[in-house]
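**Student:** The following block contains the structure, expressed as structure tokens.
The values are calculated or read from the model by the stated rules, or taken from the named source; none is laboratory data. Nothing here was measured: the structure is a model prediction, and the numbers come from that model. Counting neighbours? That spans all protein chains shown, and the Cβs are built from the backbone with ideal geometry, glycine included.
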Amino acid sequence: MELPTFLWIIACAVLALLLVVFQYYYKNKRKGRLHIYLSFFRFLSIFGILLLLVDPKMVSRELYIQKAKLVLLTDVSASIEAVRGEQQTSDLLENFRNSSELLDRFDLEQFAIAEKLTTLDSLACTGEVSNLAKGVKGLENLFIKEKVATVMISDGHQTQGQDYEYVQVPEKMGLYTLTVGDTTQYRDLALGRIQLNPYAFLDNRFPIEAYVHYKGKGSARSNLEIWVDGKKAFSETLAFDAIKNTVKIQTDIKAERIGILPISVRLRPLENERNTQNNQRQLAIEVVDERVKVLFCSTMLHPDMGALKKAIEKNGQRTFEFLDLRKPLAGGQVPEADLYILYQPNRSFTQLYTYLKNSNANLFTITGPKTDWGFLNQIQSAFQKTTLGANEETIPVKNGGFSYFAADSWSLERYPPLETELGETIIHREHEQLLEQEVKGGLIGEPLLATLMGNENREAILFGEGIWKWRMQDYRNQGNFEGFDGLMDKLVGFLSANKSKTRLSVDYQNVFRGAREAVITAKYFDKTFVFDAKASLSLKLTGNGAETEIPMVLKGNFYEADLRQLAVGDYTFSVENKKEGLIKSGAFTILPFNLEQQQLSADFGKMQRFADYNNGMAFLPDQFEQLKAELLQNDRWLPVQKSQEKKVSLIDFKWLLALVALCLGLEWFIRKYNGYL
């Protein structure tokens, strides 16, 4: 009992005694045993009432035994069944539940892990993915302050999340692993990552990159085939051994027709290979006809035109034509094109600029000493330049912060200078500079090559004449024109892409490996091309003999339709905004695929490495008794006797209230009976 509490009790007793003395003995002539009884009852009543008013806190101590927790983390993904470990898992759980020795020592708690951590009610190994790292971290959060012996029962395979092998378990959580399933390592060939662009241009070659992995002892040979649109397009013989167990295959295949081309990558199985599900992969690529017409407009002939023609026409999807503005336009009409190159504009470009303003065409303007800047500043508003009337040679310097397209591989080594007219340039639209100007060894803060973005069109401006020298220098540097031609290919691709923005765009895969990945997203913009978060988009789906309509749900800055409930098959769809009448259509295929059934052997080695990384121990199902002995004999898991102090208010003691009431009642009754009232 604390000292202040003890002093308060003494004070209450003294005060109660003084009041009794004053009431029963001060100037009171009555004596005898009855008088003593009455004063005693009065003392108890007053003392009890004072204690209740002061309400001192009483401390009580309780002793109890705290057991360590034995937590079972059980993998319930479908891979357990694939490696034939479901019965072993069931037997292990029963052994833990029925072991009286373990239950006397531990508090048993059971959890299941597949995609997320849940309590384990009944065993059903049906999870479509396994995230063991998430399960271990979830237990850490649940038992922050408790001593826990953790037993992870799994086949060692994980298909989602952080690699559990490198998860650090807290020291207070002892780790034991139990690897279930067939641990025999069979010879197996498997297709790994396959790289394939979603789109290709007609008559162009598109690249495919595939990795093939081999597990097993000794050497092995196989054959990989790639079938496109029902025809064999590629074949290669592969050789493996214990050291060379991964082979990378790269090839280019020609896109011969427009539309979605089904692609099948097939790997010939080994003799007696058990798992052949991972020996083939179904893909698809969409072939589009994106021929680009480039019109070079000028009033002069110049070597720059020849260099640009060679570089642009190197891509078979692009054509290059010359419009001589020294002559009247045929029929008074400007020819249509996807990209217009305006070379050193002057007043002969007046009719052309009038047409370009109305058509929102994509432009590549090249200026130089012969450019009429007075005319150019007046006829267009994208950029202005105040010239000084002096020409100068300027060296190109690459801007490392350029982000509109990848230009990192382009080298400017020993590039000769271009001839430009000095002056101050102002660009009025959103833009980035790919090249800056260096004059006499110093940057002058002026752009040399800039790209401009807009809602209706894209533009590029080159402030210099003589780029034919750059192409020649590339040949001197490398023995080919790849650097310069590659830059022009990317620049023309950037300028000719998205000539006008679409208000409704849809993103999806042509082939989904299992319904779990089947998701279609869409973006919708209002007439000012601002994302509309209040639009009502619906997806109409046709496939497997049925038609359904699914509302698309807003998810941040896009709309989404979750199709993971669909069955395997071919589907066509359309995304529609009924209010505006905008529709986008497409098609996709859902293939039968279960990632959890790609492995037929348990990975004991990985489970053992996980245990070793955390100073734990790894066991197999037939070593249950050894695991049990370790748990029972390890002093870390001994029960601990603990005491718990509780502060209790006297007002919570009902017997004290009853005593006060009893004493008051007895005093009144005795006084009444003896005529003292």
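**Student:** Within the stretch 608-636, track down each residue that is of a type in the set (Phe, Trp, Tyr) and surrounded by fewer than 19 Cβ atoms within 10 Å (Cβ to Cβ).
**Tutor:** Tyr613, Phe624, listed by residue number.
**Student:** A further question follows. From the set of residues in the stretch 514-571 that are of a type in the set (D, E, K, R) and assigned to a helix (DSSP H, G or I), which is nearest to Glu456 (Cα to Cα)?
**Tutor:** Glu517
**Student:** Kindly provide the set of residues from the stretch 182-209 that are over 31 Å from the mean Cα position of the chain (by Cα), under 26 Å from Ala114 (Cα atoms) and at pLDDT 85 or above, ordered by number.
**Tutor:** Asp182, Thr183 - these are the residues of the stretch 182-209 that are over 31 Å from the mean Cα position of the chain (by Cα), under 26 Å from Ala114 (Cα atoms) and at pLDDT 85 or above.
**Student:** Can you say whether Glu256 is outside any strand (DSSP E or B) and crowded, with 17+ Cβ neighbours inside 10 Å, as far as the supplied structure shows?
**Tutor:** Criteria not met by Glu256.
**Student:** So, Ala618, is that one in a helix (DSSP H, G or I), in contact (Cβ under 8 Å) with a residue 12 or more places away in the chain and in contact with a Ser or Thr (Cβ under 6 Å, 6 or more places away or on another chain) or not?
**Tutor:** So Ala618 fails the test.
**Student:** Does at least one position in the stretch 126-133 carry a residue that is under 19 Å from Phe624 (Cβ atoms), assigned by TED's automatic domain parsing to the domain that holds Leu631 and surrounded by 21 or more Cβ atoms within 10 Å (Cβ to Cβ)?
**Tutor:** No, there is no match, as no residue in the stretch 126-133 is under 19 Å from Phe624 (Cβ atoms), assigned by TED's automatic domain parsing to the domain that holds Leu631 and surrounded by 21 or more Cβ atoms within 10 Å (Cβ to Cβ).
**Student:** Here's something else I'd like to know. Return the residues of the stretch 564-582 that are exposed (fewer than 13 other Cβ atoms within 10 Å of the Cβ), over 28 Å from the mean Cα position of the chain (by Cα) and in contact (Cβ under 8 Å) with a residue 40 or more places away in the chain; say none if nothing qualifies.
**Tutor:** Lys578, Lys579
**Student:** Considering only residues of the stretch 466-477 that are touching a residue at least 40 places away in the same chain (Cβ under 8 Å) and either in contact with a helix residue (DSSP H, G or I) (Cβ under 7 Å, 6 or more places away or on another chain) or of a type in the set (Gly, Ala, Ser) (or both), which is surrounded by the most Cβ atoms within 10 Å (Cβ to Cβ)?
**Tutor:** Ile467
**Student:** Consider Ile80 against the criteria (1) free of Cβ contacts under 8 Å to residues at least 40 places away in the same chain; (2) assigned to a helix (DSSP H, G or I); (3) surrounded by 19 or more Cβ atoms within 10 Å (Cβ to Cβ); (4) not acidic (Asp, Glu): it satisfies all of them except one. Which criterion is unmet?
**Tutor:** (1)
**Student:** Asn360 versus (1) among the polar types (S, T, N, Q); (2) out of contact with any Asp or Glu (no Cβ under 9 Å at 6 or more places or on another chain); (3) surrounded by fewer than 16 Cβ atoms within 10 Å (Cβ to Cβ): which is the lone unmet condition?
**Tutor:** (2)
**Student:** With respect to Glu393, determine if the residue is within 26 Å of Lys309 (Cα to Cα), under 41 Å from the mean Cα position of the chain (by Cα), assigned by TED's automatic domain parsing to the domain that holds Gln333 and outside any helix (DSSP H, G or I).
**Tutor:** no
**Student:** Name the residues in the stretch 83-101 that are assigned to a helix (DSSP H, G or I) and either charged (D, E, K, R) or surrounded by 19 or more Cβ atoms within 10 Å (Cβ to Cβ) (or both), would you?
**Tutor:** Answer for the stretch 83-101, where residues must be assigned to a helix (DSSP H, G or I) and either charged (D, E, K, R) or surrounded by 19 or more Cβ atoms within 10 Å (Cβ to Cβ) (or both): Glu86, Gln88, Thr89, Asp91, Leu92, Glu94, Phe96, Arg97, Glu101.
**Student:** On to the next question. Give the residues of the stretch 478-492 that are in contact (Cβ under 8 Å) with a residue 40 or more places away in the chain and assigned to a helix (DSSP H, G or I), sorted by residue number.
**Tutor:** At the first step, the residues of the stretch 478-492 found to be in contact (Cβ under 8 Å) with a residue 40 or more places away in the chain are 481, 483-492.
Gly483, Phe484, Asp485, Gly486, Leu487, Met488, Asp489, Lys490, Leu491, Val492 - these are the residues of the stretch 478-492 that are in contact (Cβ under 8 Å) with a residue 40 or more places away in the chain and assigned to a helix (DSSP H, G or I).
**Student:** Check Pro207 against each of (1) surrounded by 15 or more Cβ atoms within 10 Å (Cβ to Cβ); (2) under 15 Å from Gln195 (Cα atoms) and name the one condition it does not meet.
**Tutor:** So Pro207 meets the others, but not (1).
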